[in-house]
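Enquirer: Input: one structure, supplied below.
The values are calculated or read from the model by the stated rules, or taken from the named source; none is laboratory data. Since the model is a prediction, treat every value here as computed from it, not as a measurement. Using ideal geometry, Cβ is built from the backbone for each residue, glycine included, and neighbour counts are taken over all protein chains shown. To get the accessible areas, we keep the full protein, side chains included, count just its heavy atoms, and leave off ligands, DNA and RNA. Shrake-Rupley method; radii C 1.70, N 1.55, O 1.52, S 1.80 Å.
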Amino acid sequence: MSTHNGTSSPDQKDRDLDQYRTDASGQPLTTNAGVKVNDTNNSLKAGIRGGTLLEDFLLREKINHFDHERIPERIVHARGSAAHGIFELYEAIPQYTKASIFNDTSRKTPVFTRFSTVAGSKGSTDLARDVHGFAVKFYTEEGIWDLVGNNMPIFFIQDAMKFPDLIHSVKPEPDREIPQAASAHDTFYDFLSLTPEALHNHIWLMSDRGIPRSLRMMEGFGIHTFRMINQEGKAHFVRYHWKPLLGVRSVVWDEAVKISGADSDFHRRDLWDAIDAGQYPEWELGLQIIPEEDEHKFPFDLLDATKLIPEDMVPVKIVGKMTLNRNPDNFFAETEQVAFLPDHLVPGLDFSNDPLLQGRLFSYRDTQLSRLGSVNFEQIPINKSIAPMHNNERDGHMQMAIPKGKTAYFPNTLGGGCPYLTKLAEGGYESFTERIDGHKIRARSESFVDYYSQPALFYRSLTDWEQAHTVDAYTFELGKVNYPHIQKRMLYQISQIDEDLARQVAEGLGLEVPTSVDGPVNQAIGADADVEKMQPGKKKIYLDESPALSESYIKTDTIATRQIAVLAADGFDADAFLPMHEALKAENAMVKIVAPHGGTITCSQGHEHKVAAAIMTTESVLFDAVYIAGGQSSVDALLKKAKFKKFVDEAFMHCKAIATDGEGVQLLDATHVGEYKNDDKAVFVNGTPQDFIDAVAQHRNYARMEVAKMVPA
Ligand code: HDE
């Protein structure tokens with residue numbers, strides 16, 4: 001075990017977890033008390049046909065443990081996947097913070113990062129349209145720092161007091177427990193249509209950000225304004241950003257729906273497989289830094305978590321990189337038991353007065369008590385700090401340490417005054433000395449009341465295809481609402497964001513956009529509040545567009561880990577395929593043969609090739625691009641199974657790159673692609689591998705969107 005007395009380095013990748021790992025290989029089966037067991041298949045009976053004896057401690061222990069194998073799932077973010085990794089700093093920033101993690105570029109700080117969806121249960125599908133959690137635990141030499149964020153830079157509500165309302169509205173409705181992991185239902189839109197502060201996060205949810213292609217292709221945001229404090233005690237406000245080196249990529253809704261059936265573990269598998277294959281996902285950490293004196297220079301309140309700071313106003317300064325490089329050994333012990341707390345901070349980092357953040361500081365510690373059952377949850381290996389921990393808190397369920405000595409109080413003489421206090425200058429935690437003047441008051445600041453300007457900015461900043469997908473998402477979701485008065489109220493709220501967006505959604509619903517609503521637009525106010533003052537005015541335009549809000553903003557030309565389906569059967573043309581295969585492999589794409597049957601197929605050169613999936617066991621939505629191998633006998637075999645045609649049509653409909661060589665074009669011509677193949681910049685007949693690779697790197701050819709709508713796949 002690391003003693004932190006200078007003999008071990010806190011940057012070791014494994015965080016000394018070996019002491020906790022157990023390995024049963026070569027070991028006898030024992031009871032929990034270590035007694036070797038000779039039969040774990042039969043209970044102890046009085047006579048060969050029973051009855052069973054109460055005395056049977058082997059039976060009782062086994063069943064008893066089984067009965068208690070579940071802990072409460074997280075009330076939100078229950079569905080998640082995680083990985084270990086490291087954080088490396090590019091550049092020290094002592095001018096902003098004294099935190100050692102931001103000052104030592106030689107250190108590799110261990111991290112454990114958990115991604116999640118919000119609304120669904122632990123066993124729900126990965127491809128639910130949802131906000132995604134992005135929580136990072138940094139095991140720094142000064143203690144644990146948790147950055148518990150999401151993949152969208154803003155949140156639904158402004159005050160922690162409203163969190164239970166928000167979550168109760170989106171969770172399955174209490175009478176029927178329907179729907180699972182879906183916001184498209186009455187109670188959510190009932191709440192939302194009355195609570196316009198939620199519209200900004202909602203429009204992000206309706207955009208493609210709600211359905212990422214991969215957890216590895218999501219941005220992450222700390223959302224709230226935090227503080228950094230330097231050695232001199234000077235503070236700066238800061239917002240945290242994670243920028244994925246693979247770019248931000250999404251699936252389209254039709255794929256999401258189908259992936260949920262074809263592989264509901266799609267994201268979890270994708271993360272695991274990439275790390276397993278040594279293709280480690282990476283994100284750069286960026287900071288938006290604002291001097292304290294500039295706090296009031298923005299057309300919104302920095303303490304309002306429903307507002308983002310456009311990068312055009314405050315650029316994102318990239319300071320380091322996180323690499324996830326190791327899968328967990330045990331899902332329960334690590335991913336399920338990890339406890340993230342926004343109040344896990346280290347000296348040099350601090351909060352702001354964001355009322356949403358302040359409420360979270362209570363909630364996360366509290367929730368661990370019902371989930372993990374003990375105030376000692378920080379002693380569980382995955383939660384344990386690599387910095388030594390000593391204090392006078394004692395006892396409690398599952399105390400894992402054996403604290404020595406007589407004293408558990410401070411001050412003392414009997415314990416030599418230990419554990420002793422650390423001076424601020426020597427690393428004791430210090431809260432920022434903020435001057436506060438004010439009345440105790442239960443109300444919302446008027447500086448928070450602008451609910452349409454930023455959703456409108458977001459919508460204006462999207463590309464055409466992102467806007468079209470967003471219209472479709474609103475139409476789908478509101479189409480699932482059974483109450484016309486809720487649909488109409490929502491349409492009114494959307495019209496305040498963007499009239500054209502509202503018009504298109506209304507058209508899809510077969511409704512008119514109302515010009516007014518009954519009662520105040522914002523009803524999430526106190527009974528004695530000044531109703532007028534708390535109503536949002538018309539949207540303001542303080543920036544025409546902010547390009548960074550579009551997911552096309554981060555440019556990347558990599559196809560690493562992209563799943564390429566090769567449609568082939570016995571006799572496929574190896575001469576044409578091999579250069580393509582080599583080129584794709586060289587780019588670290590995952591090339592998988594999909595054939596009429598499982599096992600192996602034999603190519604034109606007589607070699608056997610492993611089939612990754614028989615056509616009946618897979619779907620085109622699980623792949624990023626398709627290559628159809630040439631060779632007459634191969635193509636004949638593909639043409640005999642209609643699902644190959646469906647596979648190609650569907651890939652086309654989802655705007656994916658498709659390539660073929662030689663006779664493979666016959667399959668293309670048997671699908672709707674035949675008609676469009678010559679005019680489409682992501683369909684290649686006898687093209688070069690590089691052309692295909694470039695098209696896959698573009699993710700999708702959304703220029704095809706209108707044509708693709710005509711393909712009945
Ligand atoms: Fe959370 N949130 N949250 N949340 N949250 C939890 O803590 C809560 C909020 C976020 O992978 C819970 O350990 C309140 C914002 C993530 O384990 C709980 C409020 C953001 C995760 C909780 C918020 C988040 C959680 C449930 C409003 C983005 C999963 C289990 C004041 C900045 C972490 C748990 C993981 C989890 C409460 C709002 C992100 C109940 C009261 C804003 C990524 O404590």
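Enquirer: How big is the dipole moment of the chain about its Cα centre under a simple scheme where the beta carbon of each Lys and Arg is +1, that of each Asp and Glu is -1, and everything else is neutral? Debye, nearest 20, please.
Expert: Dipole size: approximately 1540 debye.
Enquirer: Then there's this: Can you give the convex hull volume per residue for the Cα atoms of the stretch 557-708, as a whole number of Å³?
Expert: Per-residue hull volume (Cα only) is 89 Å³.
Enquirer: Measure out, as a whole number of angstrom, how far apart the alpha-carbon centroids of the stretch 307-340 and the stretch 86-107 sit.
Expert: Using only Cα atoms to place each centre, the spacing works out to 16 Å.
Enquirer: Does the stretch 454-544 come out rounded, prolate or oblate, given a ≥ b ≥ c as the square roots of the eigenvalues of its C-alpha gyration tensor, rounded meaning a/c under 1.5 and, failing that, prolate meaning a/b above b/c?
Expert: Taking the square roots of the gyration eigenvalues as a ≥ b ≥ c, the stretch 454-544 is oblate.
Enquirer: Listed highest first by mean packing, meaning other Cβ atoms within 10 Å per residue, what order do 15-25, 650-660, 92-102 come in?
Expert: Output ranking for 15-25, 650-660, 92-102: 650-660, 92-102, 15-25.
Enquirer: A follow-up question, please. List nothing, just return the count: lysine pairs in the stretch 557-708, 8 or more apart or interchain, with Cα separation under 14 Å.
Expert: 4
Enquirer: If the cut-off is 14 Å between C-alpha atoms, which aspartates and glutamates fall inside it for residue 538, apart from same-chain ones fewer than 8 positions away?
Expert: Within the straight-line cut-off, residue 538 pairs with 197, 450, 498, 499.
Enquirer: Follow-up. In Å, what is the Rg of the alpha-carbon atoms in the stretch 160-262, and how long is Dmax?
Expert: Both quantities, over Cα of the stretch 160-262: 17.8, 57 Å.
Enquirer: If the cut-off is 22 Å between C-alpha atoms, which lysines fall inside it for residue 108, apart from same-chain ones fewer than 8 positions away?
Expert: 13, 98, 137, 243, 317, 321, 384
Enquirer: Counting only Cα atoms, I'd like the Rg/Rh figure for the chain, Kirkwood definition for Rh.
Expert: Expressed as Rg/Rh, it is 1.00.
Enquirer: Amide H of residue 250: which non-local residues (sequence gap of 5 or more, or other chain) have their own amide H closer than 5 Å, using H built in the peptide plane?
Expert: 213
Enquirer: Where only protein heavy atoms count, and the probe is 1.4 Å, what is the accessible area per residue for the stretch 427-571 in Å²?
Expert: Accessible area per residue, the stretch 427-571: 53 Å².
Enquirer: Work from the charge dipole of the chain (Cβ charges, +1 for Lys and Arg, -1 for Asp and Glu, about the Cα centre) and give the residue of 95, 64, 615 farthest towards its positive end.
Expert: 64
Enquirer: Could I ask something else about it? With unit charges on the beta carbon (Lys/Arg positive, Asp/Glu negative), name the residue among 599, 566, 630 whose Cα is farthest towards the positive pole of the charge dipole of the stretch 557-708.
Expert: My answer, from the dipole projection, is 599.
Enquirer: Using a simple charge model, +1 on the beta-carbon of Lys and Arg, -1 on the beta-carbon of Asp and Glu, nothing else, what dipole does the stretch 372-518 show about its Cα centre, in debye to the nearest 20?
Expert: The calculated dipole for the stretch 372-518 is roughly 1020 debye.
Enquirer: Still on this structure: Classify the stretch 306-439 as rounded, prolate or oblate, taking a ≥ b ≥ c as the square roots of the eigenvalues of its Cα gyration tensor: rounded when a/c is under 1.5, otherwise prolate if a/b is larger than b/c and oblate if not.
Expert: Judged from the Cα gyration tensor, the stretch 306-439 comes out oblate (a/c at least 1.5, b/c at or above a/b).
Enquirer: Hey, any idea what % of the chain's accessible area is carbon plus sulfur with a 1.4 Å probe?
Expert: 53 percent
Enquirer: Taking the Cβ of residue 321 as the center, what net charge do the other residues with Cβ under 9 Å away carry, scoring Lys and Arg +1 and Asp and Glu -1?
Expert: Charge balance near residue 321 sits at -3.
Enquirer: In straight Cα distance, which aspartates and glutamates are under 14 Å from residue 406, not counting same-chain residues fewer than 8 positions off?
Expert: Once the sequence-local aspartates and glutamates are set aside, what remains near residue 406 is 393, 395.
Enquirer: Given the C-alpha centroids of the stretch 186-225 and the stretch 120-162, what is the distance between them in whole angstrom?
Expert: What the calculation gives is 12 Å, centre to centre.
Enquirer: Another question, then. Given the peptides 188-195, 569-576, arrange them by the average over their residues of other C-beta atoms within 10 Å, most packed first.
Expert: My ranking of the peptides, most packed first, is 188-195, 569-576.
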